[in-house]
Amino acid sequence: NAGVMQNPRHLVRRRGQEARLRCSPMKGHSHVYWYRQLPEEGLKFMVYLQKENIIDESGMPKERFSAEFPKEGPSILRIQQVVRGDSAAYFCASSPPAGGGQNTGELFFGEGSRLTVL
Amino acid sequence: GQQLNQSPQSMFIQEGEDVSMNCTSSSIFNTWLWYKQDPGEGPVLLIALYKAGELTSNGRLTAQFGITRKDSFLNISASIPSDVGIYFCAGQLSGAGSYQLTFGKGTKLSVIP
């Protein structure tokens, strides 16, 4: 199965700890996006990355959150010093290189990582 | 920022009935997309619309991109139990930031056998 792979599926952390969420995009996809979903809500854009580059992080909180997509290995969303309000489902999505420089919006989502902060 | 108003919030229908849900926005979007999310899973793309007025079908699903570019609807005909889930509309702008999708809050569909 060459779909978007996320792990862990579930993560429990105590306040103040760090959470690391990993995402491997679909084969052949070089664009990775992270979205956050609160209960009973739609998905909210956080960050868009290409290999070794953060293209747009305008949806990501300025403090405690960071993301990377290294040359080798999965994309990582890192949350430091977690608080209860960080509890949510975090979805990674990928897309192939944009044709003609225009992104179609057709994203392939992983199954999500559900973070619970105690 | 942009906001999408999706309605209804939830609906209960009998198996075999047709379903209609819609999405409106105060902003103009270049692309409208409809995703379905099953419990515990990620969203899956159902239909993508790229031109104002476009009407596109995918099996029993039909979606339209409104002429004003500020709305879209999704119809499901002859519903079946596996149609259960949450349906999200999403809009994409053109130009800078065009890779961001703005999602509605979803329509939760329950199908009674």
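What follows draws every value from the coordinates through simple rules; no lab data is involved. As the structure is a computational prediction, the values presented were derived from the model and not from experiment. When we count neighbours, we look across all protein chains shown, and the Cβ atoms used for this are built from the backbone with ideal geometry, even at glycine.
Compute the signed sum of charges (Lys and Arg +1, Asp and Glu -1) over the other residues within less than 13 Å, Cβ to Cβ, of residue B:16. Local net charge: -3. Here the contact order of chain A, divided by its residue count and restricted to Cα pairs under 8 Å and six or more residues apart, works out to 36 percent. Seen through its C-alpha gyration tensor, with square-root eigenvalues sorted a ≥ b ≥ c, region B:1-56 comes out prolate because a/c lies at 1.5 or above while a/b is bigger than b/c. For region A:32-49, the Karplus equation 6.51 cos²θ - 1.76 cosθ + 1.60, evaluated at θ = phi - 60°, returns couplings of 10, 10, 10, 10, 10, 10, 8, x, 6, 10, x, 7, 10, 4, 10, 7, 10, 10 Hz by residue, with Gly and Pro reported as x.
Using the Cα atoms of the protein assembly as shown to build a convex hull, what is its mean projected area in square nanometres?
Numbers: hull surface 51.4 nm².
Its average projected convex-hull area is 12.9 nm².
Name the most mobile residue of A:83, A:47, A:32, meaning the one with the largest mean-square fluctuation, in a Gaussian network model of chain A with Cα contacts below 10 Å. Of the options given, A:83 has the highest mean-square fluctuation.
Determine the shielding of peptide A:35-48 by partner chains: average, over its residues, the number of Cβ atoms on other chains within 10 angstrom of each Cβ.
Other-chain Cβ atoms within 10 Å of each residue's Cβ, averaged: 5.
With a cut-off of 15 Å between beta carbons, the residues surrounding residue B:92 carry a summed charge of 0, where Lys and Arg count +1 and Asp and Glu -1. Loop-located GluC sites (Glu not before Pro) in region B:4-77 (DSSP state other than H, G, I, E, B) with a sparse environment of at most 12 neighbouring Cβ atoms within 10 Å: B:15. Just so you know, the averaged projected area of the alpha carbon convex hull for region B:30-94 sits at 4.4 nm².
If you take all C-alpha pairs in chain B, what percent of them are over 16 Å apart? The calculated P(r) of chain B puts 56 percent of pairs beyond 16 Å. Close amide H partners of residue A:31, meaning residues 5 or more places away or on another chain with modelled amide H under 5 Å apart, are A:95.
Our Cα-only numbers for chain A put the radius of gyration and Dmax at 13.7, 46 Å.
The label-point distance for residue A:27 and residue A:53, in a model that sets each label 7 Å from Cα toward Cβ, rounds to 2.6 nm. Shape call for region A:36-88 from the C-alpha gyration tensor, a ≥ b ≥ c root eigenvalues: rounded (a/c under 1.5), prolate (a/b greater than b/c) or oblate? Prolate. Annotation: amide H of residue A:55 within the under-5 Å range of A:48, A:49, A:50, sequence separation 5 or more or interchain, hydrogens built in the peptide plane. With θ taken as phi - 60° and the Karplus curve 6.51 cos²θ - 1.76 cosθ + 1.60 applied, the whole-hertz 3J(HN,Hα) list for region B:74-91 is 10, 10, 10, 9, 6, 4, 10, x, 6, 6, 4, x, 10, 9, 10, 8, 8, x Hz, x standing for glycine and proline. Where in region B:1-40 does the label zone of residue B:80 land, with the point 7 angstrom along Cα→C-beta and an amide N cut-off under 14 Å? It comes to B:15-17, nothing else.
What stretch of chain A, leaving out the sites themselves, is the longest with no trypsin sites (Lys or Arg not before Pro) in a DSSP loop having at most 13 other Cβ atoms within 10 Å? Spell out each step's value before the answer.
Details: sites that count: A:9, A:14, A:15, A:27, A:51, A:62, A:71.
Longest stretch, sites excluded: A:72-118.
Legend: mean number of C-beta atoms from other chains within 10 angstrom of residue C-beta atoms, peptide A:105-113, equals 6.
Looking only at the protein assembly as shown, where both bridge partners belong to it, what percent of the DSSP beta bridges are antiparallel (to the nearest 5)?
Values: 72 of 81 bridges.
Approximately 90 percent, going by the DSSP bridge assignments.
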